[in-house]
Amino acid sequence: MARLIVVSNRVALPEDQAGRAGGLAVALREALVSFGGIWFGWSGKVAAQTSDQPRFSQEGPVTYAVLDLGRKDHAQYYNGFANRTLWPLFHYRMGLAEFTRQDYEGYMRVNTVFAEQLQPLLSDDDLIWVHDYHLIPLGGELRRLGARQRMGIFLHTPFPAMEVLLALTHHRRLVGSLCAYDVVGFQTENDRRSFFDYVLHEAGGWVGENGHVTVWGRSLVARVYPIGIEKGAFAEAAQRAQRTVAYRRLHASLNGRKLMIGVERLDYSKGLPERFEAFSRLLEKHPEHRAKVSFMQVAPISRSEVPEYRRIREELESLSGKINGQFGDYDWVPIRYLTRNFPRSVLAGFYRQGAVGVVTPMRDGMNLVAKEYVASQNPQDPGVLVLSRFAGAARELTTALQVNPFDREDMADAMDRALGMALDERKERWVEMMRMVDENSLEAWREKYLADLSAAPFNG
Ligand code: GDG
């Protein structure tokens with residue numbers, strides 16, 4: 001049987017995983033355990049120099065092969081081109097995208113180093129599954145070194161509209177390397193359409209049935225694999241959480257008030273300032289909610305070395321302070337803003353207590369928090385999801401209250417409607433969302449992708 005080789009920017013090592021591993025890490029590890037294989041990527045450590053060979057560790061049938069990144073590579077590849085150029089561009093934030101030649105070279109250099117160190121570990125019938133925007137050029141680099149294995153990539157972020165992508169000087173090289181893979185996976189049909197648009201109108205390629213693409217002398221399939229969450233895991237965790245101290249403390253602190261909850265990495269793509277302002281608008285426009293609702297935003301700090309992330313943190317500190325000062329009372333704090341990281345088991349309990357889940361990114365590949373919130377609800381008394389139409393998840397969770405995250409008024413109205421929604425309507429909407437969460441689970445995503453990758457022809 002073919003081995004599976006997973007390549008991702010960060011590798012979730014078994015020793016880091018105890019209890020904290022995200023669902024994606026768990027799903028990839030399960031796939032590796034069933035196929036046997038290698039998980040290759042960055043260790044998460046920054047050293048003076050990038051490792052000249054991977055460090056190996058073994059757990060059952062899975063070999064972990066990790067590299068430390070040198071300071072310069074980390075700055076240019078990770079903090080630079082990946083997170084200051086591609087991330088904002090792919091999330092339609094052209095104004096925030098920084099382009100420097102050095103960062104681009106660093107990005108290409110690290111992809112080349114990854115390819116050079118991975119290639120000797122490969123066997124002919126291996127299946128190679130690469131993850132995300134950090135490693136788009138990896139496939140092309142491996143092919144350059146003679147790799148003929150079946151190779152696929154899955155893009156966790158959106159794939160931007162052609163006109164946005166063209167702002168990147170090296171767009172041709174980037175899309176060219178995307179086309180070195182045999183299977184290119186997207187979160188939504190919208191993303192795939194943007195890719196097809198580029199293939200047809202910029203690259204002069206051809207798009208056939210079933211996602212078959214012929215371009216630049218290569219054939220590949222481009223398909224949609226909406227990522228999901230582990231089946232049953234959040235529902236069980238949310239039920240168990242009810243017996244925990246954290247759940248009870250939160251419950252007691254609410255003192256009968258309704259909870260509105262938001263959870264995300266602190267990232268400008270997630271629409272947090274706009275959400276805070278919408279909440280402020282809600283309190284202004286609908287004074288009846290004052291002292292009746294608490295909004296809790298969990299936003300663990302991420303990518304703190306990137307200046308745009310430091311700025312958004314300052315903005316949120318100032319906004320939450322302003323709103324609490326303006327509307328708060330001696331016995332009620334409107335916004336609880338927490339930059340701490342909580343274990344998943346605790347988060348599940350928070351979601352369950354949320355009468356309203358607010359997930360209003362300006363753009364998001366999928367957004368797993370929306371699905372986690374839905375799965376954590378009590379079927380007898382489910383909460384309401386307020387969801388941005390620009391999250392990939394909006395394509396599936398069509399019975400959420402969908403909003404335009406650019407319009408504070410629209411969001412405030414949806415919050416008001418959610419807080420007042422009758423049980424029957426809440427149940428009806430939730431049942432439909434839960435059906436989608438179950439159908440497009442993490443397991444289904446993985447199986448569908450790997451089936452397509454296994455079916456791809458060997459390039460020999
Ligand atoms: C990228 C794409 C796509 C958050 N706070 C805590 C915590 N989290 C967990 C959530 C959720 C995960 O982080 C965030 O996933 P999202 O999907 O919402 O967003 P990104 O991190 O931007 O992920 C996204 C995803 O990849 C998968 O393809 O959906 O569009 O941007 O699972 O629960 N987890 C813990 N403590 C926290 O405080 N333990």
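The values are calculated or read from the model by the stated rules, or taken from the named source; none is laboratory data. In this text, all values refer to a predicted model and were calculated from it rather than measured experimentally. Virtual Cβ from ideal backbone geometry, glycine too; neighbours counted across all protein chains shown. Areas reflect the complete protein model, heavy atoms only, side chains present, ligands, DNA and RNA absent. Shrake-Rupley method; radii C 1.70, N 1.55, O 1.52, S 1.80 Å.
Order THR100, THR169 by their accessible area, 1.4 angstrom probe, all chains in place, largest first.
THR169, THR100
Please state the relative contact order of the range 18-116 as a whole percent: Cα pairs under 8 Å, 6+ residues apart?
Result for the range 18-116 is 21 percent.
With each label point set 7 Å from Cα along the Cα-Cβ vector, what nm distance links ASP407 and TRP332?
That separation, rounded to one decimal, is 2.8 nm.
Given the whole protein assembly as supplied and a 1.4 Å probe, what does the accessible area of PHE99 come to in Å², nearest 10?
Here the accessible area works out near 90 Å².
List the residues whose amide H sits under 5 Å from the amide H of SER302, counting only those 5 or more places along or on another chain, with H placed 1.01 Å from N in the peptide plane.
Result for SER302 returns LEU266.
Return the sequence-ordered ³J(HN,Hα) values of the range 261-274 in whole Hz as given by the Karplus equation 6.51 cos²θ - 1.76 cosθ + 1.60 applied to θ = phi - 60°, using x for Gly and Pro.
Rounded to whole hertz, the list is 10, x, 9, 6, 4, 6, 9, 5, 6, 8, x, 6, x, 4.
Dipole magnitude of the range 102-195 about its Cα centre, charges +1 at Lys/Arg Cβ and -1 at Asp/Glu Cβ only, in debye to the nearest 20?
240
Determine the relative contact order of the chain: mean sequence separation of Cα pairs under 8 Å and six or more apart, normalised by residue count, in whole percent.
14
Within the chain, what percent of beta bridges assigned by DSSP are antiparallel, to the nearest 5?
The antiparallel proportion sits near 20 percent.
Full-extension gain between SER219 and LYS292, please, as 0.36 nm times their residue separation minus the C-alpha to C-alpha distance.
Here the answer is 20.5 nm.
Report the extension gain between ALA422 and GLU15 in nm, rounded to one decimal, defined as 0.36 nm multiplied by the number of residues separating them, less their alpha carbon distance.
The ALA422-GLU15 span can extend by a further 141.9 nm.
How much net charge surrounds ILE227 when only other residues with a Cβ under 10 Å from its Cβ are counted (Lys, Arg +1; Asp, Glu -1)?
Net of charged neighbours comes to +2.
Hey, what did the range 291-377 get for relative contact order, percent, Cα under 8 Å, at least 6 apart?
Relative CO of the range 291-377 lands at 34 percent.
At a 1.4 Å probe, what is the % contribution of carbon and sulfur to the accessible area of the chain?
49
Separation between the HIS212 and ASP52 pseudo-spin-labels, each 7 Å from Cα along Cα→Cβ, expressed in nm?
For HIS212 paired with ASP52, the spin-label model returns 4.7 nm.
Using modelled amide H (1.01 Å from N, peptide plane; none on Pro or chain starts), what sits under 5 Å from the amide H of ALA2, excluding residues fewer than 5 places away?
Here the answer is none, since no amide H 5 or more places off falls under 5 Å of that of ALA2.
Hey, can you find the accessible area per residue of the chain for me, probe 1.4 Å, expressed in square angstrom?
41
For the residue pair GLU236 and ASN459, what label-to-label distance in nm results when each label sits 7 Å from Cα along the Cα-to-beta-carbon direction?
Calculated label separation equals 4.0 nm.
At 1.4 Å probe size, with no ligands or nucleic acids counted, give the accessible surface of LEU24 in Å², nearest ten.
In the full protein context, LEU24 sits at about 60 Å².
Pull out the extension gain between ALA246 and LYS285, defined as 0.36 nm times the separation in residues minus the alpha carbon to alpha carbon distance; nm, one decimal.
Extending this stretch completely gives an extra 10.8 nm.
For every other residue with a beta carbon closer than 10 angstrom to the beta carbon of ALA455, add +1 if it is Lys or Arg and -1 if Asp or Glu, then tell me the sum.
With Lys, Arg at +1 and Asp, Glu at -1, the neighbours total -1.
To test your reading of the geometry: what angle, between 0 and 90 degrees and rounded to tens, separates the Cα axis of helix 189-201 from the longest principal axis of the chain?
40
Given LYS231/LYS285; LYS231/LYS292; LYS72/LYS231; LYS45/LYS448; LYS231/LYS322; LYS292/LYS427, which pairs have Cα atoms separated by over 29 Å?
In this structure, LYS231/LYS285; LYS231/LYS292; LYS72/LYS231; LYS45/LYS448; LYS231/LYS322 exceed 29 Å between Cα atoms.
Taking a probe of 1.4 angstrom, what is the accessible area of ILE312 in Å², to the nearest 10?
ILE312 exposes around 10 Å² with every protein chain in place.
Whole-Hz Karplus ³J(HN,Hα) for the range 104-114, in order, using 6.51 cos²θ - 1.76 cosθ + 1.60 and θ = phi - 60°, x for Gly and Pro?
4, 5, x, 4, 5, 4, 5, 4, 5, 4, 4
Please list ARG10, ARG257 from largest to smallest accessible area, probe radius 1.4 Å, with all protein chains kept in place.
Largest accessible area first, the list is ARG10, ARG257.
Can you list the residues, at least 5 places off or on another chain, whose amide H is less than 5 Å from the amide H of VAL7, using H built in the peptide plane?
Amide H neighbours of VAL7, under 5 Å, 5+ apart: PHE40, TRP129, VAL130, HIS131.
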